[in-house]
């Protein structure tokens, strides 16, 4: 009983800094999640708090096609024929973007989708000496996502929520319906399971009904696994093993929080001991 009580109390203590400050790593994140799970919202928060470059395969593809780059011209031929863009072209797109990003924090969204793509990407990232070090899978209840999708209205030329700016009417996307959603959910599950197994050593699933409930879990994983703190840049983490002045200020805040948590843990342990003594005393009586 005492072990169970200890474990219960320990689960309530959130440790922000299991990874030492001199073990910081740049964030190289793959974000997985079915349509409507909030990947866009979480990406924006990560951009704000960790300075990540958001690399979306769809955005990269559209940009290169519009710019008529060499890769874009090749991809356009497949897209115009209704065919899937080959894996090697998609990996080349990611390679091109990462070369521009350099060693800074980045997250991938929308690629890879298959284990074959993941293996090809792994090879390229290893050659760049920028392997993935964290995979986050967003898990939101189906009924919550369906409610979001059914309530989603967009201004087609500009995107969601811009009617106040344009004054033009909003409309529903044709694929925002329960039937299409269930098909896309099934497709996502079939895609995600093999990928999560492939990346099982660095993968974690975070769960919640809202983005506000999920984001703190993502932040905790980044801090604890990589030692990277909100408000710090990848450059600061890689240029020196000791925190710079801005980094030190942020680190101090988290270390202070960690000290407070340790004090909480010590008090919890003391409380558990007292409870155990009371239980033993009650049994003796």
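Nothing in this text is a laboratory measurement; each read-out follows from the coordinates by a stated rule. Quantities reported herein were computed from a predicted structural model and do not represent experimental measurements. Cβ coordinates were reconstructed from backbone atoms using ideal geometry, including for glycine residues, and neighbour counts include every protein chain displayed.
Side notes on the structure shown:
- 48, 114 arranged by Cβ crowding within 10 Å, fewest neighbours leading: 48, 114
- Each residue of region 27-135 gets 108 Å³ once the volume of the Cα convex hull is shared out per residue.
- Likely footprinting exposure, 142, 221, fewest C-beta neighbours within 10 Å first: 142, 221
- Footprinting exposure proxy ranking of 144, 94, fewest other C-beta atoms within 10 angstrom first, gives 144, 94.
- Peptide packing for 189-198, 79-88 was compared via the average number of neighbouring C-beta atoms within 10 Å per residue; ordered from the highest value, the list is 189-198, 79-88.
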